[in-house]
Each structure stands twice: as structure tokens, then as C-alpha cells.
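Remarks on the structure that follows.
The values are calculated or read from the model by the stated rules, or taken from the named source; none is laboratory data. Computed from a predicted structure; not experimentally measured. What goes into the accessible areas is simple: the full protein's heavy atoms, side chains included, and nothing from ligands, DNA or RNA. Shrake-Rupley method; radii C 1.70, N 1.55, O 1.52, S 1.80 Å.
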Amino acid sequence: MMTTILAFAILLATTLLVLGNLRMVAHDTFEALSSAVLRLRHSGSPGAKLAFAALWVLIFALSYLL
């Protein structure tokens, strides 16, 4: 019971911190994605890297949905 309360408290605190800094989180996410796309354009095999990224997104999505 105590572990569940502690887990919910940590989840709530983390959520509040992210929501409090949502503008900075969005800015950092945009910067990371734009630099990743730029590197992907200049690399030799964008198809393989996109397939690998899609595989990881699928793995994480299925782990949360199932």
C-alpha cells in the first residue's frame, strides 16, 4: 500500500514538473527532432534508420497499450 502511494506521489510530482515547464519541453523536443531529421538527411541510409526507429516506437506503443 505504501509503495502504491509513493508511486502515485512520484507520478503526480513528475506530471506537475512537466506541465509547469511545458514550453521548455516542447522547445527541447522540437530541437531534438529537427537535429535528428537533419542528421538523417545527411546520412547514407535513411530508410534503415527510419525502419529501426519505427520498430522501437511500435515496441513501446504495444507495451503501453497491451
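Details
- The chain shape via C-alpha gyration tensor axes, a/c threshold 1.5: oblate
- Accessible solvent surface per residue of the chain, calculated while the other protein chains remain in place, 1.4 angstrom probe, Å²: 92
- Heavy-atom accessible surface of the chain: percent carbon and sulfur, 1.4 Å: 78
- Probe 1.4 Å - accessible area at residue 38, Å² to nearest ten: 100
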